[in-house]
Amino acid sequence: MQAALGVTAFSLTFPATAWGLEGFGPWSLVAVRCVLAAVIAGGALLALRVPVPARRHLAGLAVVAAGVVVGFPLLTTLALRTSTTAHAAVVVGLLPLTTALFSALRTGARPSRMFWLAACTGAAAVIGFTVQQSGGALTGADAYLFCALLICAAGYTEGGRLARLMPGWQVIGWALVLCLPLSVPGALIALSYEPVHLTAHSVTGVLWVAAGSQFLGLVVWYRGMAAIGVPKASQLQLAQPLLTLVWSVLLLGEQLTPAAPLTAAAVLVCIALTQRARG
């Protein structure tokens with residue numbers, strides 16, 4: 001149940017970001033998101049008297065912060081200025097495959113041929129979808145999304161390594177806290193340059209991406225994995241891109257082309273095959 005709640009929280013990230021952009025600029029939205037999430041995480045770490053991580057873990061936490069706390073939110077937010085959430089969901093649906101690739105490179109593992117075949121097929125499906133939707137050429141938004149895939153995969157890989165040494169929620173919690181010396185002045189500067197128009201949508205959006213996506217979603221996700229095991233939890237996450245497509249229609253009124261759900265389903269099958277091959 002908790003793992004399913006985590007996947008639901010993550011699937012709402014792009015629609016909530018689109019809402020946030022109705023009242024915030026991209027830079028201020030990301031900076032405010034980081035500050036609010038860090039305050040929540042810092043409060044939890046302080047209340048539970050969690051000891052400060054050892055110095056040897058700081059480099060890994062810095063990678064998590066760069067990839068998951070700053071890089072992915074910023075790049076996807078910049079992309080969503082001109083891209084639909086449905087389009088972004090399909091492209092970022094490739095994230096589990098990209099993370100698996102980074103993990104193999106980081107650990108020196110040698111996945112099977114089935115793994116690589118499924119991974120390449122999924123990547124080809126997403127690239128074909130992106131080019132077709134963009135009229136035959138990649139757009140600036142697509143470049144942001146593909147860069148977001150790479151930097152987030154690096155953050156996820158390093159976070160997965162650290163999660164063997166400390167509870168997963170503490171990994172993201174300390175990564176958020178580490179970013180405060182940058183996110184607080186960044187928020188002040190961004191808010192002074194980008195006009196803010198507070199609306200119900202924009203406030204709800206920024207609160208959700210900060211509390212729901214960036215921190216609480218990860219808390220229930222990691223607890224869910226501990227309860228039902230990583231294999232079962234990973235199968236639930238396969239539904240995330242398709243859930244985001246549903247939210248894009250229900251919350252944003254976007255019109256889906258037939259290619260979006262078909263490509264998302266194809267990627268889902270490819271990810272399932274890579275999970276089986278790795279298992």
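The values are calculated or read from the model by the stated rules, or taken from the named source; none is laboratory data. Quantities reported herein were computed from a predicted structural model and do not represent experimental measurements. All Cβ positions, glycine included, derive from the backbone under ideal geometry; neighbour counts span all protein chains shown. Ligands, DNA and RNA are excluded from the accessible area calculation, which covers all protein heavy atoms including side chains. Shrake-Rupley method; radii C 1.70, N 1.55, O 1.52, S 1.80 Å.
Full extension of the chain between Ala265 and Leu48 yields a length gain of 74.0 nm, computed as 0.36 nm times the residue separation minus the alpha carbon distance. On the chain, 69 percent of the accessible area sits on carbon and sulfur atoms, based on a 1.4 Å probe. In terms of packing, defined here as the mean over residues of other Cβ atoms within 10 angstrom, the peptides 67-80, 50-63 line up highest first as 67-80, 50-63. Straightening the chain between Leu117 and Ala143 buys 7.0 nm, computed as 0.36 nm per residue apart minus the Cα-Cα spacing. Building the convex hull from the alpha-carbon atoms of segment 49-184 and averaging its projection over directions returns 9.6 nm². Here r is the Cβ-Cβ distance between Ala200 and Leu105 and R0 is 41 Å; the resulting FRET efficiency, rounded to 0.05, is 0.40. Computed with a 1.4 Å probe over protein heavy atoms only, the accessible surface of segment 98-168 comes to 52 Å² per residue. Under 16 Å from a label point set 7 Å out along the Cα-to-Cβ vector of Ile127, the amide N atoms of segment 240-270 belong to 267.
The length gained by stretching the chain between Leu165 and Tyr193 to full extension, at 0.36 nm per residue less their Cα-Cα distance, is 6.0 nm. The heavy atoms of His201 present about 70 square angstrom of accessible area, all protein chains included, probe 1.4 Å.
If you keep only loop residues by DSSP, which trypsin sites (Lys or Arg not before Pro) in segment 68-120 have at most 14 other Cβ atoms within 10 Å of their Cβ?
Values: sites: Arg81, Arg106, Arg113; in loops: Arg81.
Hits after loop and neighbour filter: Arg81.
Give me the base-10 log of I(q)/I(0) for segment 9-77 at each q in 0.15, 0.20 Å⁻¹, Debye formula, one uniform scatterer per Cα, rounded to two decimals. Evaluating at q = 0.15, 0.20 Å⁻¹ gives log10 I(q)/I(0) of -0.60, -0.94.
Sorting Thr244, Thr199 by accessible area puts them as Thr199, Thr244; the probe is 1.4 Å, largest comes first, and only protein heavy atoms count. Note on Leu94: accessible area approximately 10 square angstrom, rounded to 10, probe 1.4 Å, nucleic acids and ligands left out. For the chain, the membrane-span-like helix rule (DSSP H, alpha carbon extent of at least 15 Å along the helix axis, mean Kyte-Doolittle at least -1.0) picks out 26-47, 95-107, 113-133, 140-162, 168-178, 180-193, 217-228, 240-252, 259-278; this says nothing about an actual membrane.
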